[in-house]
1. Residues of segment 108-138 with backbone nitrogen within less than 11 Å of a virtual label 7 Å along the Cα-to-Cβ line of THR95, please, listed as ranges.
2. Highest GNM mean-square fluctuation, the chain, Cα pairs closer than 10 Å: which of PRO75, PRO63, PRO166?
3. Kirkwood Rh, the chain, all Cα pairs: how many Å?
4. Quick one: which residues, 5+ away or cross-chain, put their amide H under 5 Å from the amide H of ALA49? H built at 1.01 Å from N.
5. How many angstrom lie between the Cα centre of segment 1-64 and the Cα centre of segment 112-155?
6. Based solely on its DSSP helices, what 222 nm [θ] is calculated for the chain when runs of n ≥ 4 H residues each add -39,500 (n - 2.57) and the sum is averaged over all residues, nearest 500 deg cm²/dmol?
7. Using only the alpha carbons of segment 68-159, what is the convex hull's orientation-averaged projected area in square nanometres?
8. Compute a Gaussian network model of the chain, connecting alpha carbons closer than 10 Å, and tell me which residue from VAL85, VAL72, VAL167 fluctuates the most.
Amino acid sequence: MDITAISSGSKGNAYLISDGETTLLLDAGVTFKRIQEAAGYNTGKIAAALVTHRHGDHTAAIPQMTKRGMKVYAPQDTADKFPGVEPLESRDTMTIGTFTATPFDVPHDVPCFGWLVDSAHTGERLVYVTDAEYVRYRFSGMTHLMLEANYSREKLMERARAGELPVKLAERIMQTHMSIDTALGFIRANDISGSEKHKTKRNCRC
Ligand SMILES: [Zn+2]
């Protein structure tokens, strides 16, 4: 799997992934120009964009994309906000080129998806989770995990107690985003042996 991080964080989230046959965009929270640059000015090769939720740092380029007839999949409320976006329900699986993509619901302050992406071309399995308090699903055979974790609970509480951060903001962060400890727990609870098996298979010269 070839992964290009265009941008990550509250200023914008967007990644290109490719299995050598099909290219997908994960989130579209940057200017369309940045997506064009990352795609080598060949946005025609992007088979679809898989969007997690409606916040601007995940959706900024959607109007430009749908205007150009590019396929964009997202939760229902994101489709309501951006005409031309195709709404999906959690666990609706679809095939896009050599990829199979399945959204799954994750807790945030608006409806939000994580995405499970399987490649029929390479046998790789990627899980993408961005704004989410936690993930209630478990996955077997992952070869790639893109998981956002953006705070330490202790540090956040310390800062709130010291008056460096409004308590309400600290509470909102803790209820809508993933702590480093929760991320570690998710990694431990999942089967990431797929990555080792995959390496072995691909490096095998027999
Ligand atoms: Zn968000």
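1. 120
2. Taking springs between Cα atoms under 10 Å, the residue moving most is PRO166.
3. Evaluated on the chain, it is 17.8 Å.
4. Under 5 Å from the amide H of ALA49 lie the amide H atoms of LEU25, LYS71, VAL72, TYR73, each far enough along the sequence or on another chain.
5. 17
6. Estimated from H runs of four or more residues: -8000 deg cm²/dmol.
7. Hull-based average projected area comes out at 7.9 nm².
8. Greatest mean-square fluctuation among the candidates belongs to VAL167.
Readers should treat all values here as calculations from the given coordinates under stated rules, not as data from a laboratory. Only a predicted model underlies this, so the values are computations on that prediction, with no experimental measurement involved. Positions of Cβ are generated from backbone atoms using ideal geometry, with glycine treated the same way; all protein chains shown enter the neighbour counts.
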